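Since the structure comes first, as structure tokens, the remarks are kept for the end.
Any read-out appearing in this document is the output of simple, stated calculations on the displayed coordinates, not a laboratory observation. Please read all numbers here as calculations on a predicted model, not as lab measurements. With ideal geometry, Cβ positions are generated from the backbone for all residues, glycine too; neighbour counts draw on all protein chains shown.
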Amino acid sequence: MTEDQSAAEEKSITILQLYPREMNIYGDWGNVLVLKQRLKWYGYRANVLEYNVGDEFPAGVDLLVGGGGQDSGQVVIQDDLQALAPTLRAMAEDDVPMLAICGLYQLFGRFFKTHTGTVIPGIGLLDLETHGGTERLIGNVLSVSEEFGEIHGYENHSGQTFLGPGVKPLAEVRKGEGNNAKDNFEGARYRNIVASYLHGSLLPKNPAIADFLIKAAAIRKYGSFEPAPPSAKDLEELAKLSELARQHAGQRP
Ligand code: GLN
């Protein structure tokens, strides 16, 4: 087989990072790096695209990722996001897997009323709304989900999100606040969408969520998810990483 033929037969997943310029704080970009690396381990090529305000929305997106942002960043993207709303809603209903963190999670809902009273409209893709307050919810979070087990991350937000009956919570909070200071929920789940307040970034700490998104993207595109057996090089790389992790764990007080 020529190199061209094997490249043509290699399965690929196109990841779109939404608004990396304004919506990408506390290392949320790390989510894309994890998806890219795990896809490589599974024998799929990751094609990573970025979409910023005013860009042309690309065709053929298999997986969509968006990060958190300051209130001011959310104001900058709001009009552009409204223009994308029909496209994003259609993709969601077509089961495209999506990961929406914090600021973008809020704008996937109906609206975010900030602590200054500004109402930033959302796209109503998720049945939820967000109200800003003077209190900021900051710190490490431990939550538990039936689907993914323990979910760890870091939160920092003034918006408090309340879920409607059209979405399920992603997880129940054991430590920290999550969606708001009142109920015990963190994040939201709908179709193949995972929405969460957690940075860290989320996927390096919670690879089960990365694998859910990858599997959903592969099944939607190819009808099945068939990870390739790991190559000798990947196994060597993994052994090195595990050794580093062991050494690091040994150094902890
Ligand atoms: N600006 C939003 C808030 O403070 C989102 C913050 C974030 O993405 N971390 O609620």
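Can you compute the FRET efficiency between A228 and A83 using 1/(1 + (r/R0)^6), with r the Cβ-Cβ distance and R0 = 22 Å? Round to the nearest 0.05.
Given R0 = 22 Å and the Cβ-Cβ separation, E is 0.05.
Divide by every residue of the chain the summed helix terms, -39500 (n - 2.57) for each DSSP H run of at least 4, and state the resulting mean residue ellipticity at 222 nm, rounded to the nearest 500 deg cm²/dmol.
Estimated from H runs of four or more residues: -11000 deg cm²/dmol.
Can you tell me what the convex hull of the Cα atoms of the range 115-253 projects to on average, as an area in nm²?
Here the figure is 11.5 nm², rounded to one decimal.
When only Cα pairs under 8 Å and 6 or more residues apart are kept, what is the percent relative contact order across the chain?
Once normalised by length, the contact order is 19 percent.
Of all DSSP beta bridges located in the chain, what percent are antiparallel, nearest 5?
Roughly 55 percent of the DSSP beta bridges within the chain come out antiparallel.
So which of K175/K215; K168/K233; K205/K233; K182/K205; K11/K175; K182/K215 end up more than 31 Å apart, counting from Cα to Cα?
Cα-Cα > 31 Å for K168/K233; K11/K175; K182/K215; rest within.
By how many degrees, 0 to 90 and rounded to 10, does the Cα axis of helix 232-251 deviate from the longest principal axis of the chain?
50 degrees
Assuming R0 = 30 Å, can you tell me the calculated FRET efficiency for the pair A90 and L49, based on Cβ-Cβ distance, to the nearest 0.05?
0.95
Output needed: percent of Cα pairs per 10 Å distance bin for the range 116-186, bins running from 0 to the one holding the longest distance.
P(r) over the range 116-186, rounded to whole percents: 20, 48, 29, 3.
Restricting to Cα pairs below 8 Å that are 6+ residues apart, what does the relative contact order work out to for the range 1-128? Please round to a whole percent.
25 percent
With angles folded into 0 to 90 degrees, how steeply does helix 207-222 sit against the dominant principal axis of the chain? Use alpha carbons for both and round to 10.
70 degrees
From Cα coordinates alone, what are the radius of gyration and Dmax values for the range 61-116 in angstrom?
11.5, 37
Could you give me the percent of Cα pairs per 10 Å distance bin for the range 99-153, shortest bin first, beginning at zero and ending with the bin that holds the maximum distance?
22, 40, 33, 5
Based on the mean of other Cβ atoms within 10 Å per residue, sort peptides 118-127, 210-219 so the most packed one is first.
Answer by packing, highest mean first, reads 210-219, 118-127.
Can you tell me the FRET efficiency between R174 and E56 if r is taken as the Cβ-Cβ distance and R0 is 41 Å, rounded to the nearest 0.05?
It comes out at approximately 0.40.
Which parts of the range 17-56 would a label at L235 reach, counting a residue when its backbone N lies under 20 Å from a point 7 Å out along Cα-to-Cβ?
Residues 38-44 qualify, since their backbone N sits under 20 Å from the label point.
When the C-alpha atoms of the chain are aligned to their principal axes, what extent does each axis show, in angstrom, from largest down?
61, 50, 31
Distances over 27 Å make up what percent of all Cα-Cα pairs in the range 1-134?
24 percent
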